[in-house]
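The values are calculated or read from the model by the stated rules, or taken from the named source; none is laboratory data. All values reported here derive from a predicted model rather than from experimental measurement. Ideal geometry is used to build each Cβ from the backbone, glycine not excepted, and the neighbour counts take in all protein chains shown. Accessible surface is based on the protein model in full, side chains and every heavy atom, while ligands, DNA and RNA are left aside. Shrake-Rupley method; radii C 1.70, N 1.55, O 1.52, S 1.80 Å.
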Amino acid sequence: QVQLVESGGGLVQAGGSLRLSCAASRNISSINGMGWYRQAPGKQRELVAYNSSLSHTSYSDSVKGRFTISRDNAKNTVYLEMNRLKPEDTAVYYCKLDFPDITYWGRGTQVTVSS
């Protein structure tokens, strides 16, 4: 079983930046895709960013130009760089790794953006 541990969340003022990390207990070099999702209280979980096996990356319109998804295979870690944060970015952020055989989800990390 693969474990995904998110970190890097916290409280930041609007306009600030955070980098979320998703560390996997398994080699991630073979993943078909990786993604970040978020869920605010009372809201449905939504896609934030996704990178496919062909290295094509998609971002939600609300974060495009501000967020960047990346990974470091040597560290088995996926990142979400978040810049120019807005209060509406406040949510629990979850990473997802799509391996050839199975998909794994992290437990989430809280991001709170104050005005």
message: Given a 1.4 angstrom probe, what's the average accessible area per residue across the chain, in square angstrom?
response: 53 Å²
- line: Dimensionless Rg/Rh of the chain, both radii on Cα and Rh by Kirkwood, sits at 0.95
- line: In this structure, the FRET efficiency calculated for T68 and Q1 from their beta-carbon separation, with R0 = 22 Å, to the nearest 0.05, is 0.15
message: Computing the accessible area with a 1.4 Å probe over protein heavy atoms, can you report the carbon and sulfur percentage for the stretch 36-91?
response: 47 percent
- request: Take every Cα-Cα distance within the stretch 9-74, group them into 10 Å bins from 0 onward, and report for each bin the whole-number percent of pairs it holds.
  value: 17, 48, 30, 6
statement: In whole Hz, the Karplus estimates of ³J(HN,Hα) for the stretch 103-115 (6.51, -1.76, 1.60; θ = phi - 60°; x where Gly or Pro) are 10, 10, 10, x, 8, x, 9, 7, 10, 10, 10, 9, 6
query: Three principal axis extents, largest first, for the C-alpha atoms of the stretch 47-115, in Å?
result: 41, 24, 21
query: Amide H neighbours of T90 under 5 Å, counting only residues 5+ apart in sequence or on other chains, H built in-plane at 1.01 Å?
result: V113
